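The values are calculated or read from the model by the stated rules, or taken from the named source; none is laboratory data. This one's a predicted model, so the numbers in the text were calculated from it and none came from an experiment. Note that we place each Cβ from the backbone using ideal geometry, even for glycine, and neighbour counts take in every protein chain shown.
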């Protein structure tokens, strides 16, 4: 049987409670494989989307590291998570730059202009 939107909401809550509970701090990260085993009704991509939703829509300070996902508790961990996302965003902008064959500065200008229109 396929998971429903209600199942997804329950999964969101369970993931939030797990990370906020025993997986606080980078040193207590929940391995991705374990997360996939616990929530085997969801594929890994959907679990990543659920975590992204928790961060964006609910402001949950969820970080990831090579060891898995964790609830960021220190300012240092939050800065690390933010730096990861900044690096990821820049790498995606580099892809746009290369595909369009335009300098990075022009990509930034286009983004700024697009937001204003």
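Consider residue 66 carefully, then state whether it is at pLDDT 95 or above and either within 26 Å of residue 87 (Cβ to Cβ) or assigned by TED's automatic domain parsing to the domain that holds residue 87 (or both). Taking the combined requirement at face value, the residue does not satisfy it. From the list 68, 87, 59, 105, the one residue that fits, being at positive phi and out of contact with any strand residue (DSSP E or B) (no Cβ under 9 Å at 6 or more places or on another chain), is 59. Collect the residues in the stretch 107-117 that are part of a helix (DSSP H, G or I) and either loosely packed, with under 11 Cβ neighbours inside 10 Å or at pLDDT 90 or above (or both), keeping them in residue-number order. 112, 113, 114, 115, 116, listed by residue number.
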